[in-house]
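Asker: Submitted below is the structure of interest, expressed as structure tokens.
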Amino acid sequence: MRKQSWLAVRSDFDRVDQALRNVAVKGKPAKLQFSANKPLFNGATGRPGLVFKTSSPAAFSPWVAAADAIDRPSIGDSFHLALFTGQRQTDRLIMRNESDIEGRHTFRQSKTGELVDIKEAPQLSARLNSSRARVKELKLRLQLDKVPPELVVNEDNGEPYDESTYRHWVSTARAVAVFGFLARDSARQAIVRAERLNAELIKISDKLFAPFPLDEENKAQRARTVDQRKRVLSEWLDAQAARDSNGDETAWRLKPCPALMFVNGAGDLDQKHDQDLRDTCVMLLDRAGCDLLTICDITGHSYRSAQTIVKHYRARNAARADSGIDRLELQVRKEGMKG
């Protein structure tokens with residue numbers, strides 16, 4: 001990893017924080033949104049990831065809210081660590097804060113063995129302060145002699161998560177976020193309903209998409225077919241929500257967030273993943289004006305993988321493309337072309 005002063009890295013996180021706080025559309029603060037239509041390609045896994053838009057939250061906040069609502073705030077803690085440190089799931093589950101300086105976050109990466117020392121973003125600080133209070137309550141409730149130094153603690157036993165259990169609760173929280181949490185339901189009832197609908201959708205997806213076969217030879221037709229599959233999925237999700245709420249918007253404790261379940265570029269049913277948040281951190285740092293080496297200093301990505309993520313994100317940035325056309329138009333006029 002390239003050596004860089006912590007002041008420089010702190011400056012970069014200041015810019016990310018400013019991007020999250022101050023980018024505005026129609027006077028509204030910048031928010032995180034996942035988009036099925038403009039996925040950020042994950043070069044390592046080949047699956048779509050997340051994008052950042054300056055609009056109301058469409059997936060990150062509902063996913064965290066769902067985890068909190070089913071009494072799994074530790075999952076939301078991990079998501080905040082992913083978004084504001086860009087670390088792998090494996091590292092987040094064993095992450096400890098080894099810094100003695102308030103406002104800084106220091107941890108060691110398992111893959112590289114490198115000690116990372118970065119500024120702690122205010123949003124992450126707030127979440128971790130809340131987590132510390134919850135862990136103290138957990139210690140009393142479970143009558144534990146001590147609590148682990150890890151930042152992400154399983155509410156069942158006061159211990160760090162094993163990866164299997166963690167993945168289970170990430171999946172459960174995602175299902176609750178996708179299908180919503182009805183005000184009349186308990187947390188257990190919300191989980192049962194969401195997991196039932198999730199299993200039903202997976203079971204019928206082939207039948208749902210059967211009227212729209214993919215033409216691998218005709219790219220234009222294939223793209224239209226993918227759009228048709230997106231539409232039929234959206235209609236199915238909307239129908240389930242309308243049926244269970246009787247069309248009453250006030251029936252929801254948490255409204256459904258269908259953006260977490262989508263049709264990917266291959267035309268298959270897909271869903272957002274915990275690991276996508278690591279790529280989102282890279283994209284946010286790039287959007288905040290950080291160079292690739294700085295991004296690698298913070299997240300631990302190789303230069304090549306960070307470059308791949310940024311490349312595919314930029315290739316799908318419609319605003320950047322529009323700006324380029326505007327500049328092209330002006331240049332053409334300067335060269336004497338009229339009309």
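Asker: For the stretch 196-225, give me the residue count where each residue is open to solvent by 70 Å² or more (accessible area, probe 1.4 Å) and assigned to a helix (DSSP H, G or I).
Answerer: Adding up the residues that qualify gives 7.
Asker: Yes or no: S205 in contact (Cβ under 8 Å) with a residue 24 or more places away in the chain and touching a Pro at 6+ places or on another chain (Cβ under 7 Å)?
Answerer: Taking the combined requirement at face value, the residue does not satisfy it.
Asker: Select from the stretch 127-161 the residues that are of a type in the set (A, V, I, L, M), surrounded by 12 or more Cβ atoms within 10 Å (Cβ to Cβ) and part of a helix (DSSP H, G or I) and list them in ascending order.
Answerer: First, the residues of the stretch 127-161 that are of a type in the set (A, V, I, L, M): 128, 133, 135, 138, 140, 142, 144, 147, 151-153.
After this cut, where a residue has to be surrounded by 12 or more Cβ atoms within 10 Å (Cβ to Cβ) as well, the list is 128, 135, 138, 142, 144, 147, 151-153.
Those that are of a type in the set (A, V, I, L, M), surrounded by 12 or more Cβ atoms within 10 Å (Cβ to Cβ) and part of a helix (DSSP H, G or I): L128, V135, L138, L142.
Asker: Here is a further query. Tally time: how many residues in the stretch 236-258 are within 22 Å of the chain's Cα centre (by Cα) and farther than 18 Å from L208 by Cα?
Answerer: Residues flagged as within 22 Å of the chain's Cα centre (by Cα) and farther than 18 Å from L208 by Cα within the stretch 236-258 amount to 5.
Asker: Can I ask one more? Take D185 and decide whether it is over 25 Å from the mean Cα position of the chain (by Cα) and either of a type outside the set (K, R) or open to solvent by less than 20 Å² (accessible area, probe 1.4 Å) (or both). Steps first, please.
Answerer: On the way: over 25 Å from the mean Cα position of the chain (by Cα): yes; either of a type outside the set (K, R) or open to solvent by less than 20 Å² (accessible area, probe 1.4 Å) (or both): yes.
Yes: the conditions hold for D185.
Asker: With A126, A199 as the choices, which residue is at pLDDT below 95 and either under 30 Å from E249 (Cβ atoms) or not acidic (D, E) (or both)? If you could, list the steps in order and put the result at the bottom.
Answerer: Details: A199 fails: at pLDDT below 95.
Testing whether each residue is at pLDDT below 95 and either under 30 Å from E249 (Cβ atoms) or not acidic (D, E) (or both) leaves just A126.
Asker: Also, quick follow-up: Looking at the stretch 57-97, which of the residues that are of a type in the set (S, T, N, Q) and open to solvent by 10 Å² or more (accessible area, probe 1.4 Å) is farthest from S125 (Cα to Cα)?
Answerer: Keep residues of the stretch 57-97 that are of a type in the set (S, T, N, Q), which gives 61, 74, 78, 85, 87, 89-90, 97.
Then drop every residue that is not open to solvent by 10 Å² or more (accessible area, probe 1.4 Å), which leaves 61, 89-90, 97.
On the way: S61: 16, Q89: 19, T90: 21, N97: 12 Å.
For the stretch 57-97, the residue satisfying everything is T90.
Asker: Which residue, of E159, E200, is closer than 30 Å to E98 by Cα and not aromatic (F, W, Y)?
Answerer: Exactly one of E159, E200 is closer than 30 Å to E98 by Cα and not aromatic (F, W, Y), namely E159.
Asker: Consider only pairs whose beta carbons are under 6 Å apart and that are at least six residues apart or on different chains; among these, list those whose first residue lies in the stretch 99-116 and is in contact (Cβ under 8 Å) with a residue 60 or more places away in the chain and surrounded by 11 or more Cβ atoms within 10 Å (Cβ to Cβ) and whose second residue is among the acidic types (D, E) and not in a loop (DSSP other than H, G, I, E, B).
Answerer: If the second residue must be among the acidic types (D, E) and not in a loop (DSSP other than H, G, I, E, B), the pairs left are Q109/D91.
Asker: Going by the structure shown, is R229 over 21 Å from the mean Cα position of the chain (by Cα) and assigned to a helix (DSSP H, G or I)?
Answerer: Spelling it out, R229 is indeed over 21 Å from the mean Cα position of the chain (by Cα) and assigned to a helix (DSSP H, G or I).
The values are calculated or read from the model by the stated rules, or taken from the named source; none is laboratory data. Because the structure is a prediction, the values reported are computed rather than measured. Every residue, glycine as well, gets a Cβ built from its backbone with ideal geometry; the counts of neighbours run over all protein chains shown. Just the protein is used for accessible areas: all its heavy atoms, side chains included, with ligands, DNA and RNA removed. Shrake-Rupley method; radii C 1.70, N 1.55, O 1.52, S 1.80 Å.
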